[in-house]
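To start, the structure under review is shown below, and the notes come after it.
The values are calculated or read from the model by the stated rules, or taken from the named source; none is laboratory data. All values derive from a computational prediction rather than experimental measurement. So basically every Cβ, Gly included, is an ideal-geometry build from the backbone, and we count neighbours across all protein chains shown.
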Amino acid sequence: MRRRGEQQDDNATLIAMETTAGTSYGSIVTNAPLQPGDRNVFSDGSTRVDFVLVWEEPRVSQEDKTGAGPAHRKWREEFLSRLKRSGLLLEWKEVVQVKKKICFVLLSAPWSVLCYYAEEISLRVPLQVVNAPLVNWSQKVLSQMSLQSPLSQDVPNPPPDYYTCQFRSSKLSRFLGSQNKETFFKTTQRHQVLYEILARTPYGSVKQGEVGIDRLVNEQVFSAAYPLHEGDFQLSAAPVAPQDLGLRQILYSYWAQWSCWRRYQPLDHIREYFGEKIALYFAWLGFYTGWLFPASVMGTVIFLVGVWLMATDVPAKEVCDSGNGFIMCPLCNICSYWNYSSICVTYKVGLLFDNGGTVFFSVFMSLWAVTFLEYWKRTCSALSHRWDCSDFQDIEERPRPEFAAMAPMTVRNPVTGAEEPYFPEKQRFSRTVTGCMVIIIMVTVVLMFLISIILYRTILSIVIYKSANSFFSFAAGRIASFTGSVLNLLVILMLSKVYTALAHLLTRWEMHRTQTKYEDMFILKVFIFQFVNFYSSPVYIAFFKGRFIGYPGNYNTLLGVRNEDCGAGGCLIELAQELLVIMVGKQLINNVQEFISPKVKSWWHRRKLKPQKEEKKLKEAQEEEEKEEASPWEQDYQLLVCEGLFDEYLEMVLQFGFITIFVAACPLAPLFALINNWVEIRLDAQKFVTEYRRPVVERAQDIGIWFPILQFITHMAVLSNAFLIAFTSSFLPRLYYRYTQDRTLSGFINFTLATSPRSYSQQHNTTCRYRGFRDENGEYLPEYFHLLAIQLSFVIIFEHVVFLIGRLIDLMVPDVPEEVEMKMKREHYMAKEALAENQSLGNVLILGDKDILTSDLRRRGSKATPPNSDSPPPNPI
């Protein structure tokens with residue numbers, strides 16, 4: 001380990017390499033023509049545009065209102081000068097408007113720069129084509145039954161799959177397609193190289209963090225920095241053959257349109273255009289949505305069982321036929337006595353969510369969650385290998401450019417042996433502890449808001465009950481409960497925005513080495529907060545509300561207000577209402593935002609960029625310009641900045657928590673989630689294809705820390721459902737009564753109601769009933785302790801059985817499919833052969849999938865016939 005003393009001069013260039021014009025590598029053909037119709041080029045018509053930088057300047061000689069003055073101009077000029085010295089090609093374009101001038105700088109990386117950085121950032125390049133089409137698991141099952149999947153579609157121009165290895169300039173001739181330098185590196189790989197250069201180039205003092213394009217954009221030195229989309233997404237008016245469509249047009253026609261809602265997603269095309277990280281998100285979302293189908297079917301069946309019980313349940317008939325038989329004690333200090341028969345409809349509605357089927361459904365959903373995660377691991381391992389990301393996080397991932405520029409010292413990487421930037425662990429630990437303290441403070445704020453909403457419900461019910469309106473007075477509890485749920489949702493959304501911005505600042509301050517680690521720590525901070533933020537109210541209703549109220553004549557209070565009791569219909573129906581308001585309400589709000597907000601933002605952005613017609617000369621010039629089609633960099637500048645995947649993942653993970661942790665209270669939750677996700681996939685697809693600027697490709701091995709979070713939610717779901725069934729639902733009390741009193745459940749309602757104590761009855765000159773197992777002195781009956789022992793035993797048995805079965809599923813389902821393991825070994829062997837000094841790749845036999853998986857025996861000396869391949873073989877050494 002050593003301090004980075006070489007950087008004594010703050011203006012030292014962090015990117016230093018030799019660039020020689022006209023360098024030739026092997027049989028590379030120079031100045032190969034681009035595809036016809038490609039408009040993403042320089043003025044010479046051949047140099048490809050890899051990245052675009054944009055800034056705006058006022059036409060008059062005055063300082064910009066945003067603070068863009070001499071300092072910004074100096075930073076911009078220094079940054080562009082360093083980009084030139086690093087070997088990039090630059091070309092300036094200007095769009096002059098009435099009050100401002102929009103400046104575009106087109107960037108292109110020549111072959112020498114691409115080769116240098118491809119090796120520097122460990123880009124993977126092809127060795128051999130692999131004939132392995134991507135097959136969905138349901139499609140595979142149907143094919144074994146000789147049935148064609150109704151969800152499949154023929155998407156044109158499927159990207160080929162390759163055996164790959166890390167790029168080495170010295171081994172260039174051994175890689176597939178190395179004869180053509182224009183097409184050897186994919187467009188997305190060129191974007192990665194450009195972003196790496198832009199992110200680590202300084203423009204001022206390195207010690208003060210004046211490094212990289214991201215900070216320049218935040219400081220408004222540049223308005224935007226983005227790679228270009230590949231053509232327009234809309235189809236031309238003239239008919240075009242599917243194989244002649246551009247990749248963006250294919251994604252729009254076969255993925256982003258609403259008519260594709262029942263089709264498989266073209267994951268290989270998504271990966272080819274947007275990169276592995278975004279493709280893995282849509283792969284996970286599609287996989288999750290597919291697995292929601294059996295869960296939603298089972299939940300609907302359980303719900304229909306509840307509908308049938310509404311008409312046949314004996315306790316429900318007793319409630320409805322009781323008349324004035326059960327006079328209930330007041331639910332608040334100023335409330336009046338009420339008849340138990342008045343909640344006939346509410347009690348029956350409660351059976352939709354509280355019936356014997358919910359126990360089976362809770363077990364089913366717990367095992368469903370475990371099995372879903374196990375099979376996703378298999379799918380993810382297959383996709384990460386197919387997309388060349390199997391070893392990304394362990395070996396290939398490099399330090400973040402911002403970290404590399406600001407770290408105070410360097411250390412040798414024990415895996416690669418390369419000298420890398422280093423930040424002292426003690427300093428990071430102290431900063432992490434500070435971040436944890438902030439999380440604790442914010443969680444305390446959430447709990448304070450929760451207590452405020454509890455008091456709000458209690459006070460509002462009292463105010464409504466005192467009103468003269470008899471209708472509102474009768475429904476005071478329900479009105480207070482529903483408005484409290486809506487208010488809680490608004491508080492949740494408000495606190496989420498505040499804490500997400502705070503978590504960004506804390507995570508950036510902690511100085512994490514890699515982008516994966518940075519994102520994982522940011523996600524963990526936000527999830528801890530959001531978990532408490534979203535689930536605190538349902539947890540309170542499920543496990544605490546109505547538990548500590550006392551009994552008539554001896555009620556407990558909080559801040560002088562009587563503790564909140566469950567409504568007339570019980571806590572479970574209130575929990576179902578809370579879940580539906582938060583989960584469905586949040587999904588509706590998010591979908592409306594995702595559908596309307598991008599269109600409004602895009603319209604406003606285009607309106608600001610649209611030239612204002614004030615002068616006649618400018619008006620005539622603009623009319624001529626409008627006749628001509630705008631350049632690609634102008635069109636993309638009018639699009640919105642891609643906001644990343646964090647909000648998308650968080651929305652789905654919180655949804656996963658709602659449909660698993662509290663599924664015993666709302667069996668229809670998986671159905672609502674399924675409907676939402678069908679819409680979500682198309683909304684997200686449309687945003688990425690039509691409304692966002694093209695994001696820089698990011699590689700990823702899996703969905704990151706979201707998977708451990710899903711595992712945590714799965715374990716919490718088992719415990720939550722066990723306690724819900726044991727202590728909140730009426731399943732165990734009914735079961736206990738059925739086997740100790742009456743198998744037909746006759747008299748069950750009277751069994752669950754206690755009589756007010758004598759002192760209370762004498763004081764109020766009346767006797768009333770309340771829910772509980774107490775005698776006339778307010779002491780617990782033996783049945784209470786019997787039932788408590790049964791409830792605790794049920795929790796222990798339930799969670800042990802479910803965890804045991806889940807562990808067996810984990811052991812029975814291997815994380816990596818056998819065929820993927822075979823392909824990984826084959827690719828490692830080929831990479832070793834390709835990079836070896838004294839061996840020939842031309843002598844290596846490339847097997848197809850069938851050849852790898854079959855175990856046909858041959859006599860020694862017999863020769864295997866290599867499979868046909870459409871691609872040319874690599875050059876022999």
Search result, residues across region 216-254 that are touching a residue at least 12 places away in the same chain (Cβ under 8 Å) and assigned to a helix (DSSP H, G or I): L216, P242, Q243, L247, R248, Q249, I250, L251, Y252, S253, Y254
Boolean, K277 is more than 28 Å from Q192 (Cα to Cα) and not polar (S, T, N, Q): no
Some residue of region 720-729 being out of contact with any Pro (no Cβ under 6 Å at 6 or more places or on another chain), free of Cβ contacts under 8 Å to residues at least 60 places away in the same chain and of a type in the set (V, I, T): no
Residues satisfying the stated conditions in region 81-132, i.e. acidic (D, E) and in a strand (DSSP E or B): E91, E94
Qualifying residues in region 34-63 (those that are in a loop (DSSP other than H, G, I, E, B) and touching a helix residue (DSSP H, G or I) at 6+ places or on another chain (Cβ under 8 Å)) - the one modelled with the lowest pLDDT: L34
From the options L857, L845, residue that is part of a loop (DSSP other than H, G, I, E, B), in contact with a Pro (Cβ under 9 Å, 6 or more places away or on another chain) and modelled with pLDDT under 50: L845
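For every residue, the table says whether it meets (1) among the aliphatic types (A, V, I, L, M); (2) under 30 Å from L367 (Cβ atoms); (3) free of Cβ contacts under 8 Å to residues at least 60 places away in the same chain; (4) part of a helix (DSSP H, G or I).
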residue	(1), (2), (3), (4)
Y760	no, no, no, yes
T767	no, no, no, no
G778	no, no, no, no
F785	no, no, yes, yes
L792	yes, yes, no, yes
V795	yes, yes, no, yes
F798	no, yes, no, yes
E827	no, no, no, yes
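Based on this model, can you work out whether S173 counts as over 23 Å from I213 (Cα atoms), assigned to a helix (DSSP H, G or I) and at pLDDT 80 or above? Before you say what the answer is, go through the steps one by one.
Working: over 23 Å from I213 (Cα atoms): yes; assigned to a helix (DSSP H, G or I): yes; at pLDDT 80 or above: yes.
Here the answer is yes, as S173 does meet what is asked.
Let's see how each residue does on (1) modelled with pLDDT of 90 or more; (2) within 18 Å of the chain's Cα centre (by Cα); (3) farther than 23 Å from S296 by Cα:
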position: I709; (1), (2), (3): yes, yes, no
position: S729; (1), (2), (3): no, no, no
position: D742; (1), (2), (3): no, no, yes
position: G747; (1), (2), (3): no, no, yes
Filtered residue count, region 639-685, keeping only those that are within 16 Å of the chain's Cα centre (by Cα), surrounded by 21 or more Cβ atoms within 10 Å (Cβ to Cβ) and either of a type in the set (K, R) or part of a loop (DSSP other than H, G, I, E, B) (or both): 1
Criterion violated by L309 - all others in (1) out of contact with any Phe, Trp or Tyr (no Cβ under 9 Å at 6 or more places or on another chain); (2) more than 30 Å from T752 (Cβ to Cβ) satisfied: (2)
Qualifying residues in region 727-758 (those that are aliphatic (A, V, I, L, M) and not in a loop (DSSP other than H, G, I, E, B)) - the one nearest to F543 (Cα to Cα): L732
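Counting just the residues of region 686-725 that are part of a helix (DSSP H, G or I) and polar (S, T, N, Q), which one comes out surrounded by the most Cβ atoms within 10 Å (Cβ to Cβ)?
Kept after step one, since they are part of a helix (DSSP H, G or I), are these residues of region 686-725: 686-691, 706-725.
If we keep only those that are polar (S, T, N, Q) too, we end up with 686, 690, 711, 714, 720-721.
On the way: Q686: 21, T690: 19, Q711: 13, T714: 23, S720: 25, N721: 28.
My answer is N721.
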Residue count, region 76-98 (criterion: surrounded by 18 or more Cβ atoms within 10 Å (Cβ to Cβ) and either touching a Cys at 6+ places or on another chain (Cβ under 9 Å) or polar (S, T, N, Q) (or both)): 2
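If a residue must be out of contact with any Pro (no Cβ under 8 Å at 6 or more places or on another chain), over 19 Å from R457 (Cα atoms) and not in a loop (DSSP other than H, G, I, E, B), how many such residues does region 493-548 contain?
Here the count works out to 35.
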Answer residue from region 128-170, given it is of a type in the set (S, T, Y), over 24 Å from Y273 (Cβ atoms) and at pLDDT 80 or above and is nearest to the chain's Cα centre (by Cα) among those: S169
Enumeration of residues in region 377-409 that are at pLDDT 75 or above and among the β-branched types (V, I, T): T379
Unmet requirement for V211, which otherwise passes all of (1) at pLDDT 85 or above; (2) touching a helix residue (DSSP H, G or I) at 6+ places or on another chain (Cβ under 6 Å); (3) among the β-branched types (V, I, T): (1)
Qualifying residue in region 318-325 (condition: among the charged types (D, E, K, R) and surrounded by fewer than 18 Cβ atoms within 10 Å (Cβ to Cβ)): yes
Every pair of residues 6+ apart whose Cβ atoms lie under 8 Å, when the first sits in region 138-167 and is free of Cβ contacts under 8 Å to residues at least 12 places away in the same chain while the second is outside any loop (DSSP other than H, G, I, E, B) and surrounded by 15 or more Cβ atoms within 10 Å (Cβ to Cβ): Q148/L142
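If I go through region 316-360 residue by residue, how many of them are among the small types (G, A, S) and part of a strand (DSSP E or B)? Break it down stepwise before answering.
Initial filter on region 316-360 (among the small types (G, A, S)): 316, 322-323, 325, 336, 341-342, 350, 356-357.
Keeping just the survivors that are part of a strand (DSSP E or B) gives none.
Residues in region 316-360 being among the small types (G, A, S) and part of a strand (DSSP E or B): 0 in total.
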Matching residues in region 222-261 - criterion: being of a type in the set (S, T, N, Q) and in contact with a Pro (Cβ under 7 Å, 6 or more places away or on another chain): Q243
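For region 259-288, give me the residue count where each residue is of a type outside the set (A, V, I, L, M, F, W, C) and either surrounded by fewer than 18 Cβ atoms within 10 Å (Cβ to Cβ) or on the phi > 0 side of the Ramachandran plot (or both).
Step one: of region 259-288, the residues of a type outside the set (A, V, I, L, M, F, W, C) are 259, 262-266, 268-269, 271-273, 275-277, 281, 286, 288.
Remaining after also requiring either surrounded by fewer than 18 Cβ atoms within 10 Å (Cβ to Cβ) or on the phi > 0 side of the Ramachandran plot (or both): 259, 262-263, 275, 286.
Residues that pass the stated criteria total 5.
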So C344, is it surrounded by 16 or more Cβ atoms within 10 Å (Cβ to Cβ) and touching a strand residue (DSSP E or B) at 6+ places or on another chain (Cβ under 7 Å): no
Residues located in region 120-133, provided they are of a type outside the set (G, A, S) and touching a helix residue (DSSP H, G or I) at 6+ places or on another chain (Cβ under 6 Å): I121, L123, L127
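On the given criteria, is F531 at pLDDT 80 or above and within 21 Å of F353 (Cα to Cα)? Don't jump to the end; show me each part of the working.
Numbers: at pLDDT 80 or above: yes; within 21 Å of F353 (Cα to Cα): no.
For F531, the condition - at pLDDT 80 or above and within 21 Å of F353 (Cα to Cα) - is not met.
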